[in-house]
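See below for the structure under consideration.
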Amino acid sequence: MPTRPRGAASRALLLRAAAEELAGNGTLEVAAVARRAGVSVGLPYRYFGTRSGLLIAVVESFYERLAEACMLREYDDPTWAERESRRVRDWVGFLYAEPLAPLILGGHVGDGEVAAFQTRRRSVLVELAARNIARAQRTGELPARSDPELLAAATLAGAAAMVAVALTRTPRPPAEEVTAHVWAFLRGAVHLSGTAA
């Protein structure tokens, strides 16, 4: 059943309020979200069912924005290295600008149901990255000695851990510096030779 325009607006309002509440307090209570949104306490339950359902929707929105910003983006640079170095730059830039990134990358959001959802979303990202690596292996841009799926899982987890640490530092290191560290790590992990990108 399609969401009506008014329903879509109410849902978006609640998601925005929930994201602000979570980013501001590190936790999420449905009553606080309702207060922030200026709606009845029952409205979040109507759209999301439970507190976990609301948290999952917030996390899903985060991953959708991340996908749009870089993960699903098609870069038109001629080489794999150039395309992926731009993707890393955009990825770090998105995470630096996203208030929820420290909580989500750090695994500090929600209960077991939310954690299971995050695991499923990360699996999708691993699958995308594995296909990307396998393509580069087939074209000879990357050596074919590593399993693409295992390599994708390792590089995504490692890069996410690097950015998670950077986001907790006071002051934060410049995004450009973190991007350079992440790209150096990825180049080494995938055995990218030469000096491209």
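Observations on the model:
- With respect to the conditions (1) open to solvent by 90 Å² or more (accessible area, probe 1.4 Å); (2) in contact (Cβ under 8 Å) with a residue 24 or more places away in the chain, Arg6 lacks only one, and its number is (2).
- Test for Leu72: is it within 23 Å of Thr179 (Cβ to Cβ) and open to solvent by less than 60 Å² (accessible area, probe 1.4 Å): no
- Scanning the stretch 38-55 for residues that are outside any helix (DSSP H, G or I) and among the hydrophobic types (A, V, I, L, M, F, W, C), we see that the one that is surrounded by the most Cβ atoms within 10 Å (Cβ to Cβ) is Val39.
- Scanning the stretch 104-124 for residues that are assigned to a helix (DSSP H, G or I) and open to solvent by less than 30 Å² (accessible area, probe 1.4 Å) yields Ile104, Val114, Phe117, Gln118.
- Among residues of the stretch 40-69 that are closer than 15 Å to Leu13 by Cβ and free of Cβ contacts under 8 Å to residues at least 12 places away in the same chain, those with a beta-carbon under 7 Å from a residue that is crowded, with 17+ Cβ neighbours inside 10 Å and of a type in the set (A, V, I, L, M) at least six positions away or on a different chain give the pairs Ser40/Ala34; Val41/Val30; Val41/Ala34.
- Scanning the stretch 129-149 for residues that are of a type in the set (S, T, N, Q) and in contact (Cβ under 8 Å) with a residue 40 or more places away in the chain turns up Asn132, Thr139, Ser146.
- Residue in the stretch 91-99 that is modelled with pLDDT of 95 or more, of a type in the set (D, E, K, R) and within 30 Å of Ala180 (Cα to Cα) present: yes
- Pair list, Cβ under 9 Å, 6 or more apart: the stretch 10-22 residue under 12 Å from Leu43 (Cα atoms) and touching a residue at least 24 places away in the same chain (Cβ under 8 Å), other residue charged (D, E, K, R) and surrounded by fewer than 17 Cβ atoms within 10 Å (Cβ to Cβ): Ser10/Arg46
- Among the candidates Arg65, Arg11, Arg35, Arg89, residue that is open to solvent by 40 Å² or more (accessible area, probe 1.4 Å), part of a helix (DSSP H, G or I) and touching a Cys at 6+ places or on another chain (Cβ under 9 Å): Arg89
- Output for the stretch 168-197, where each listed residue is part of a helix (DSSP H, G or I), open to solvent by 40 Å² or more (accessible area, probe 1.4 Å) and within 24 Å of Pro99 (Cβ to Cβ): Thr168, Glu176, Glu177, Ala180, His181
- If you filter the stretch 128-167 down to residues that are open to solvent by 100 Å² or more (accessible area, probe 1.4 Å) and at pLDDT 95 or above, you find that the one that is farthest from Trp91 (Cα to Cα) is Arg138.
The values are calculated or read from the model by the stated rules, or taken from the named source; none is laboratory data. All values reported here derive from a predicted model rather than from experimental measurement. Methodologically, a virtual Cβ is constructed for each residue, glycine included, from the backbone with ideal geometry; neighbour enumeration extends over all protein chains shown. For accessibility, only protein heavy atoms count, side chains too; no ligands or nucleic acids. Shrake-Rupley method; radii C 1.70, N 1.55, O 1.52, S 1.80 Å.
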